[in-house]
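Structure first, commentary second.
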Amino acid sequence: GAGNEASLPVTAEDLRLDVDGHYPQMTVSGRIRRSPASITYWIAELTSQPDGTWTGGIWYKSGDVSTFPYSTVAIKVLPGASSGQQRAQATFSAGGGKDRIRLYTYESPYFHTVDFEFDSAQGEAPTLSVDTCAHPNRGNASL
């Protein structure tokens, strides 16, 4: 339940928000790290609300989901004196349980962290490179 989180301290937490720019994905995702063995990943699709917030259902969870019972999230961007001083407030809800409210500081307009896992069959040499433009559905992104 929602009470699990209080007993497990959060050591690192990230929020990725894509709701503006030329090709907004209307998506928010996050990572909550409590220990090397307890990491939760989540993704929600968002809808813009008249009050300037974005809300949506959390449709993907992986990792240690036992400590993350939430099914919806509401995001409100709090302006700062400059874009680097903006913050985002996320309110996670589970329907009937206690809400989880977190404040995230602005870091960058770009996503930076990427994790790749490479597997190979026994006796085969693993491929350890990725052609980031190989997929036909890549839009007009320039790398």
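The values are calculated or read from the model by the stated rules, or taken from the named source; none is laboratory data. Because the structure is a prediction, the values reported are computed rather than measured. Cβ sites come from the backbone with ideal geometry, for glycine too, and all protein chains shown count toward neighbours. Side chains are part of the model used for accessible areas, which takes the heavy atoms of the whole protein and leaves out ligands, DNA and RNA. Shrake-Rupley method; radii C 1.70, N 1.55, O 1.52, S 1.80 Å.
If you count only protein heavy atoms and use a 1.4 Å probe, how large is the accessible surface of Phe116, to the nearest 10 Å²? Its accessible surface works out to 120 Å², give or take rounding. Remark on segment 62-127: Rg and Dmax equal 18.6, 57 Å (Cα only).
Net charge dipole, segment 6-78: roughly 240 debye, given to the nearest 20, about the Cα centre with Cβ charges of +1 for Lys and Arg and -1 for Asp and Glu.
With springs only between Cα atoms under 10 Å, which of Thr11, Thr55, Thr105 fluctuates most in a Gaussian network model of the chain? The residue with the greatest mean-square fluctuation here is Thr11. Exposed loop sites are taken as GluC sites (Glu not before Pro) in a DSSP loop (any state but H, G, I, E or B) with at most 10 other beta carbon atoms within 10 Å; the longest stretch of the chain without one runs 1-116. With a 1.4 Å probe and every protein chain kept in, tell me what percent of the accessible surface of the chain is carbon plus sulfur. In the chain, the share of accessible area belonging to carbon and sulfur is 51 percent. With contacts taken as Cα pairs under 8 Å and at least 6 residues apart, the chain reaches a relative contact order of 14 percent. In this structure the chain gives 69 Å² per residue of accessible area when probed at 1.4 Å with all protein chains present. The value of relative contact order for segment 14-78, using C-alpha pairs under 8 Å at least six residues apart, is 23 percent. Each of (i) 17.6, 58; (ii) 21.6, 70; (iii) 16.3, 51 is a candidate for Rg and Dmax of the Cα atoms in Å; the one calculated from this structure is (i).
Summing +1 for each Lys or Arg and -1 for each Asp or Glu among the other residues whose beta-carbon sits under 14 angstrom from that of Leu15 gives +3. Within the shell defined by Cβ-Cβ distances under 15 Å, the residues around Ser48 carry a net charge of -3, with Lys and Arg each +1 and Asp and Glu each -1. Close amide H pairs (under 5 Å, H built 1.01 Å from N) link Thr72 with Ile58, Ser93, residues at least 5 positions away or on another chain. Summing charges over all other residues whose Cβ lies under 14 Å from the Cβ of Pro126, with Lys and Arg as +1 and Asp and Glu as -1, gives -3. Each Lys and Arg contributes +1 and each Asp and Glu -1, all at the Cβ; summed about the Cα centre of the chain, the dipole is approximately 500 debye.
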